Structures are given as C-alpha cells and as structure tokens.
Amino acid sequence: MIEVVNLITRLAMWGLATYKWAKNRKSEMLFMSIALWFDFLGAISQKRILEALGWTPNIEALTVVMSLMAVVEGMFFLLASLSFLDVLRKFFGQLILLLVSTSGITYVVLATLAGLGDFYIMAYPLVLLGVSLIFLGYVLFKESIWKESTAILFPAGAILLGAINVTFPVTHEIKTISSYLYGIGALARFMMLVGITTYSFLTIKPPEMPIIKIPRGAFYTTSKDTVERLINIMQETGNGVLITRDPPKDLRPLFPVFWVTKAVKGQVSDNIIAVSPTDIGILVDIVKKYLDSGHSSVVLEGFEYLVLENGFESALKFLLSLKDFAISQGGTLVLLLEPRAFSEKQLKIIQREFEEFEF
C-alpha cells in the first residue's frame, strides 16, 4: 500500500510543479518539474513497486538505471536551487553544476564497468541526490522567509528526504533501520506534496487600482515629505511596494511593506513582512512577484542601511536589479537618498542611474 501512495505522491508533485511552471514560466520551476519527473521514474524503477505492479525486473539493469536517474534528478534539483539563487550565470554556479553532473555519471559508469555490487553503484548517486535535496531545502527556506504558510513543508520535507539519502551507505544494510527509513521517506514526500500544493496555488494580491499620478521610471529624492506623499497615494490605491527601515506606525498599510531588520523575520502584521538586510537577493525576487501581479511603484527607504550590511557594490547591484525590472514593467522606482551617507564617487554613480524626482 505504501508503495502505491509513494508513487501517487511523486506523480502529484510533478504535476503541481509543472502547473506552477506553466503559470509563471520561471526557470527554477521548470528544473524542479524535470527533477520531480525523474523522481517519479525512480519510483517506478524500484523493485518493490514493479513487483506490486506485477512486473519482474532485471535487477542488474535496474540498479544502473536507478543510479543514473538519481544523478540526473540531483542535477536538476541543483539547477533549481542555483536558479532560485540567480547564480547560474556566474562561474561558481556553473562550476558546481559541472562537477556534480560529470562526477555522478562518471562514477556510475566506472562502478558498473568494474563490476562492483549494487550497494557501491548506488552509494554515491544517492548521497549526491541527498545533498542536492538538502541544498534545495535550505535555499527554499530562505526563499520562503517572507511567507508563513504550509508551503514551508516542501523545503522541510526535502531536507528530511535528503538526510535519508545521505545516510544510505550507513543504514542500507541495517534492516531494522532501513524499513523505518522507507516509511519516513514516504512521510517526507507527503510533506513536500502539501508544501508544493500550497506554493502552487499561492497568489499575490494584485493592486486595488492603478496609479496614474506619478511618472514612470527610476528616480531619487532627498525629501522625506515627497516619500510620505507617495506612501499616501499607495495607501489610497492599494498599489505599490515599500521597502523601509521604519514601517509606518500609524498606518495599517493596504500595500506590501518590507521591513528591513534583524530583529524579527517573516510576517509581522497584515501586509508588513520583516526581511533580513542580507537577504537582498530574495527581496528582489519578492518585489518582482508583486510587480508581475500589477503593482506599479516601489519606494525604497534606508538604502544606506543595506550598504552598511552588504557593502556598496552588492547593495548597488540590488538597487539596479530593482530599477531594471521596474522599468521593464513600465513601473516606478523611487529611492530616498541621504547624500551625506555616501562618498562623492558613490553619489555620482547613483545620480547617474537615477533622475531627480519631481512631483
């Protein structure tokens, strides 16, 4: 019975990941969908499942097939993780992918040609798959830092399942443990199914109405009064995203507010989400999702704090990513700038990229 449930769970996860990819066309969900398809094929290739379906497999061929699929599955989970982190274009990310893919497949080929037993052929691929799952879970925990929901069960289940795979070389021959681990693995996959179901159907609330009173483009201002006027317009329309060191105290925002702080993490109150200042890569992706859903303005306060925590170059890359995406969506990005916090060179760089806001 557990074998059939396991099979259905894997197929359902693949279907949900594919649905999410078809909905948002994000590369990370495409890679995850492919990985989960190989996970489903891996289930079909298991001896106990084939026997439950009435098939008698060739055990020797089955070991090699399952090992190769574990390598490919781990590679695509790794691709999904690197895509979430947006490092696939960087040398380090590409190097990791190269090492994982070539070492895994080479190991299986050499172990098979050397006539090693099933245990040795499968050992490294399953450890590799386990590490990829743990890394994916870690990345998704960071990705979900702004969202408290059952979607968090997917990375939790991935880490648990990865840990089981990593311990395979030790626990495989201990029958009293391995039988329990099979059941725990099924539980981990069910957790992943619940999590990906929530994630697949999560929607970001679109704005209540468009903003037509402010110009489109990327701007800076040194006036706090101007920013307060923009926040009032965002409140009237329920349209816009505020990134700030100091969330509004006398306002129940009708638009998303990302409070950059180390004090707390996650959902603080309605529409106020606390984000660590070092999670700027994740913050870019979150803001992109709101702009994709129809929000047309982004106001950034406290850029100086991001520079302090991340360095000027990293904070500038974050700022320019926001700028590029806001402009590509026909939206507006307004930066509240404190000129005294920057060197003359840094200030000129910012002013070269942003126009002074006239409103």
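Do you know which of the residues in the range 247-271 that are open to solvent by less than 40 Å² (accessible area, probe 1.4 Å) and at pLDDT 85 or above is farthest from Ile152 (Cα to Cα)?
So the residue we want is Pro253.
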What pairs come up if the first residue lies in the range 227-246 and is open to solvent by 10 Å² or more (accessible area, probe 1.4 Å), the second is assigned to a helix (DSSP H, G or I), and their beta carbons are under 6 Å apart, counting only those six or more places apart or on different chains?
Arg245/Tyr305
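May I ask you to verify whether Phe119 is among the aromatic types (Phe, Trp, Tyr), surrounded by 15 or more Cβ atoms within 10 Å (Cβ to Cβ) and part of a helix (DSSP H, G or I)? Quick ask: steps written out before the conclusion?
On the way: among the aromatic types (Phe, Trp, Tyr): yes; surrounded by 15 or more Cβ atoms within 10 Å (Cβ to Cβ): no; part of a helix (DSSP H, G or I): yes.
So Phe119 fails the test.
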For Ala341, only one of the following conditions fails: (1) over 15 Å from Thr221 (Cβ atoms); (2) open to solvent by 20 Å² or more (accessible area, probe 1.4 Å). What is its number?
(1)
So which residues in the range 258-275 are in contact (Cβ under 8 Å) with a residue 40 or more places away in the chain and part of a loop (DSSP other than H, G, I, E, B), if there are any at all?
Lys265
When both residues are 6+ apart or on different chains and their Cβ atoms are under 6 Å apart, which pairs have a first residue that lies in the range 6-35 and is without any contact (Cβ under 8 Å) to a residue 40 or more places away in the chain, and a second that is of a type outside the set (Val, Ile, Thr) and open to solvent by less than 40 Å² (accessible area, probe 1.4 Å)?
Leu11/Phe40; Trp14/Leu36; Trp14/Phe40; Thr18/Ser33; Trp21/Met29; Trp21/Ser33; Ser33/Ala17
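In this structure, is Phe141 within 17 Å of the chain's Cα centre (by Cα) and surrounded by fewer than 19 Cβ atoms within 10 Å (Cβ to Cβ)? Lay out the reasoning, then the answer.
Details: within 17 Å of the chain's Cα centre (by Cα): yes; surrounded by fewer than 19 Cβ atoms within 10 Å (Cβ to Cβ): yes.
Yes; evaluated as a whole, the condition is true for this residue.
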Restricting the search to the range 283-305, which residues are buried (at least 20 other Cβ atoms within 10 Å of the Cβ) and in a helix (DSSP H, G or I)?
Leu283, Ile286, Val287, Tyr290, Leu291, Phe303
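Just to be sure, is Glu353 of a type outside the set (Lys, Arg) and in contact with a Pro (Cβ under 6 Å, 6 or more places away or on another chain)?
no
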Within the range 86-116, how many residues are crowded, with 16+ Cβ neighbours inside 10 Å and of a type in the set (Phe, Trp, Tyr)?
1
Confirm whether Ser314 is at pLDDT 85 or above and either more than 21 Å from the chain's Cα centre (by Cα) or of a type in the set (A, V, I, L, M, F, W, C) (or both).
no
Look at the range 58-85 and say how many of its residues are over 21 Å from Leu30 (Cα atoms), open to solvent by less than 30 Å² (accessible area, probe 1.4 Å) and in contact with a helix residue (DSSP H, G or I) (Cβ under 6 Å, 6 or more places away or on another chain).
2
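For the range 260-283, how many residues meet the condition of being touching an Asp or Glu at 6+ places or on another chain (Cβ under 8 Å) and within 20 Å of Leu337 (Cβ to Cβ)? It would help to see each step written out before you state the result.
From the range 260-283, those touching an Asp or Glu at 6+ places or on another chain (Cβ under 8 Å) are 266-267, 277-278, 281-282; that's our starting set.
Still in the list and also within 20 Å of Leu337 (Cβ to Cβ): 277.
The total comes to 1.
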Taking the range 197-246 and keeping residues in contact with a Lys or Arg (Cβ under 9 Å, 6 or more places away or on another chain), within 28 Å of Phe154 (Cα to Cα) and either at pLDDT 90 or above or polar (S, T, N, Q) (or both) leaves Ser200
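Within the range 229-257, can you find the residues that are part of a loop (DSSP other than H, G, I, E, B) and out of contact with any Asp or Glu (no Cβ under 8 Å at 6 or more places or on another chain)? If you could, list the steps in order and put the result at the bottom.
Taking the range 229-257 as the starting set, the residues that turn out to be part of a loop (DSSP other than H, G, I, E, B) are 238-240, 245-256.
Passing the criteria: Gly240, Pro247, Pro248, Lys249, Asp250, Leu251, Phe255, Pro256.
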Index of the failed condition, Lys323 passing every other in (1) part of a helix (DSSP H, G or I); (2) free of Cβ contacts under 8 Å to residues at least 40 places away in the same chain; (3) open to solvent by 20 Å² or more (accessible area, probe 1.4 Å):
(2)
Of all residues in the range 306-315, count the ones that are closer than 15 Å to Glu338 by Cβ and open to solvent by less than 40 Å² (accessible area, probe 1.4 Å).
4
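The values are calculated or read from the model by the stated rules, or taken from the named source; none is laboratory data. Source: prediction; values computed, not measured. Here Cβ is always computed from backbone atoms with ideal geometry, including for glycine, and neighbour counts include all displayed protein chains. What goes into the accessible areas is simple: the full protein's heavy atoms, side chains included, and nothing from ligands, DNA or RNA. Shrake-Rupley method; radii C 1.70, N 1.55, O 1.52, S 1.80 Å.
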